[in-house]
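Some notes on the structure that comes next.
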Amino acid sequence: SSGINAEWPLRPGSDVITFNNTTITPVNMASPPEIIAMVKSSDRVHPILNNIELEHRLADNRSVFILTHDLLPSRPLVILHVAHSRGMFQCVSDVKEGKDRSSTDSLCRRTDRHTNTRTTGSGGIIDDTGRILSCTEFGEDSSYQNVSSFYSISSLEAGLRGIPCGGWCISQAKEVLAAQDTIYTTLSPIPGFKNWLDASIKRGSLPVTAIIGEEMSVIQDLLPAGAAAVPDHLQNTIIRLAVYYILQEKQRGCALDPVCHFHVGNGAVVWALRWGGTRSQEMKAQSLGLMVNYLYDSNSPARAAQYSENKTIVVGAAVTAVLD
């Protein structure tokens, strides 16, 4: 069962909670049956519904990692799911169905160029005042075409909340995958966006630069129907509002969106938003079908320190283009 109890030796503040005592291990069909059963039952982000979906998760173009502590090696603290592809995923159904990547560029609202690093004038760092501080983008180079997408992460011990086990698991997975992949991304939900949008419209507190009065009334009428009812000419407006919510809405100085807070806190770049990134009715009810690619690279530790110290959030070119 999940949570800390009297028999659980890892307690916040305890001397035994050190990442030096943890191990990251890949899971495959030859792993112990109890570990495979945990993988099948633990994913609350994208539940595994049957054995066919489980086989997709453990296929050659997928990886599953577990983070364990040496004191209880058979009891995972974190389970991380990774998809490997040529190019960045845009739709989570492609990940779940075991496909290599989505071929529908229109979901992205731009053509991604994510294959070498160079300094440009398009991408930027946005701090808590909204200022653009510096710019980075990925250009063309075949060595950056392999992508590992962290698309689901589950912490199995609620009692260890506040200890950054998930971030440590991602960092260790990057080291394991370093020989075969160069870019590390996520395809992540925006769990509070629709509720924030609905409440902001009712309060009349939407940012005036992002939406005009006529669109406001139309969007308010469409909110109960979800993403399928949003016409094409309003999609860019919804995306602009989602970018505002992710970057500018704060709680005690940190990103209000918990998923954004987790990833930027671990040094990720808010890389791109994906319209139609999920077909899940539950996630449509949370985010109108939008998903986010967060990107990790060798500069992630420095960005994590920036966010911890001054709440700086780094964004990619596609997000900057939305803000312009």
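We did not get these values from a lab; they are worked out from the coordinates using the rules stated. This one's a predicted model, so the numbers in the text were calculated from it and none came from an experiment. Cβ: placed from backbone, ideal geometry, glycine included. Neighbour counts: every protein chain shown.
What trypsin sites (Lys or Arg not before Pro) in segment 251-324 are in a loop by DSSP, with at most 15 other Cβ atoms within 10 Å of the Cβ?
Passing sites in segment 251-324 are 252, 279.
Please report, for the Cα atoms of segment 226-324, the Rg to one decimal and the Dmax as a whole number; what are they, in angstrom?
Expressed in Å, the Cα Rg and Dmax of segment 226-324 come to 13.8, 41.
Check which residues have an amide H placed less than 5 Å from residue 271's amide H, if you skip close sequence neighbours.
For residue 271, the qualifying residues are 293, 294, 295, 316.
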